1. For region 94-105, give me the residue count where each residue is out of contact with any Lys or Arg (no Cβ under 8 Å at 6 or more places or on another chain) and not basic (Lys, Arg).
2. Starting from region 6-28, take each residue that is under 18 Å from Asn110 (Cβ atoms) and list its partners that are of a type in the set (A, V, I, L, M, F, W, C) and modelled with pLDDT of 75 or more, counting only C-beta distances under 6 angstrom and pairs at least six apart or across chains.
3. Looking only at region 231-262, filter to residues that are of a type in the set (A, V, I, L, M), open to solvent by less than 80 Å² (accessible area, probe 1.4 Å) and in a loop (DSSP other than H, G, I, E, B); which one of those is farthest from Ala284 (Cα to Cα)?
4. For residues that are of a type in the set (Ser, Thr, Tyr), over 11 Å from Leu96 (Cα atoms) and not in a helix (DSSP H, G or I), tally how many sit in region 112-154.
5. So is Gly219 over 15 Å from Val282 (Cα atoms), of a type in the set (Gly, Ala, Ser) and outside any strand (DSSP E or B) or not?
6. Could you check region 191-216 and list, in sequence order, the residues that are part of a loop (DSSP other than H, G, I, E, B), closer than 29 Å to Ile267 by Cα and of a type outside the set (A, V, I, L, M, F, W, C)?
7. Is it true that some residue in region 97-113 is modelled with pLDDT of 90 or more and more than 23 Å from Asn269 (Cα to Cα)?
8. Determine which single condition Ile228 fails, assuming it passes every other condition in (1) in contact (Cβ under 8 Å) with a residue 12 or more places away in the chain; (2) assigned to a strand (DSSP E or B).
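The values are calculated or read from the model by the stated rules, or taken from the named source; none is laboratory data. Source: prediction; values computed, not measured. Here the Cβ is made from the backbone with ideal geometry for all residues, glycine too, and neighbour counts use every protein chain on show. Accessible surface is based on the protein model in full, side chains and every heavy atom, while ligands, DNA and RNA are left aside. Shrake-Rupley method; radii C 1.70, N 1.55, O 1.52, S 1.80 Å.
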Amino acid sequence: NREQIDGLLAAASANWREVEPAIFGTLLERALDPAERHALGAHYTPRAYVERLVKPTIEEPLRADWDLVRAEVRQLVEAGKVETAQERVRDFHHKLCAIRVLDPACGTGNFLYVTLDLFKRLEAEVLAQLQGLGYTQMGLELEKYRVTPEQFRGIEVKPWAKEMAELVLWIGYLQWQVKQPGGALTIPEPVLRDYDNIECRDAVLAWDGDPELARDEHGAPITRWDGITMKKSPVTGEAIPDDSARIPVYTYKNPRPAEWPKADFIIGNPPYIGLRQILATVGAAYLDALRVAYAGLPESTDYVLYWWYRASQLVELGRVRRSGLITTNSIS
């Protein structure tokens, strides 16, 4: 409508060049009401905390790889093998542009954005090294290989958060490009691309078809308290569950662990919902399906640990190089 168009026009008229993409997490957290924020486990993680996780999980191993390449390049240059040195640097750049990072609880994409920023900084060093070696085909190199948002994968259950994560990645990427000398001219068109790298779905549980309404012996839909709405007790005056706030109960056919996209690194801050809160938050049917899908885990397992379990499985199988996830210091 007219009001929405005016709002869009006002936003488009602002200068977005210097905006910090990570602020979107804060803005959206404030937009959520306290009850929904608790239900989603949604909260903004400050950039300093994100970097404390990204550094040992991703930056340190990549820096170690780059240090080895630079040492080899020095030896090759000293031996007069400049073209071979160029190839070593190009090979590292190609590998950097092929690395995939997954956040299986990405929210508005802060972890992915900070990692993208790390990749672009490292890429800038690699390209500077290549230029210093006298490589003359930089334009062709960047046509085929560059760090892009496609490398950063996410899973997010909320549609609006999924859209915001994609936006955050693109703003961060385009900021990097336009800040480079002549960078705006090197951005390939179309400028925005649908890589389908952020998936909107459950990250730990998969099932066949859509969830079906649970029904009682008379065929009537079964409902439960929504886990959010409270009312004042007429006796004590304290907040107690409002049993009149009901939502449908669903059943999940053939529940199983959800598959995750292929990735070299896994990072993130999965939703912490303690065992006592799981039932009220996701419902008994979902919790039962989760326990069937992960039959090897104790029923006392906290919700956040299902993310840890899936990540550790992939690391142990050698499908993921390293994973790092944030959680509280008291988990079951």
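1. Selection size over region 94-105: 5.
2. Short answer, once both residue conditions are applied: Pro21/Val168; Pro21/Ile171; Phe24/Met164; Phe24/Val168.
3. Only one residue tops the list, namely Ala258.
4. 2
5. yes
6. Arg193, Asp194, Tyr195, Asp196, Asn197, Arg201, Asp202 - these are the residues of region 191-216 that are part of a loop (DSSP other than H, G, I, E, B), closer than 29 Å to Ile267 by Cα and of a type outside the set (A, V, I, L, M, F, W, C).
7. Among the residues of region 97-113, at least one is modelled with pLDDT of 90 or more and more than 23 Å from Asn269 (Cα to Cα), which makes the answer yes.
8. (2)
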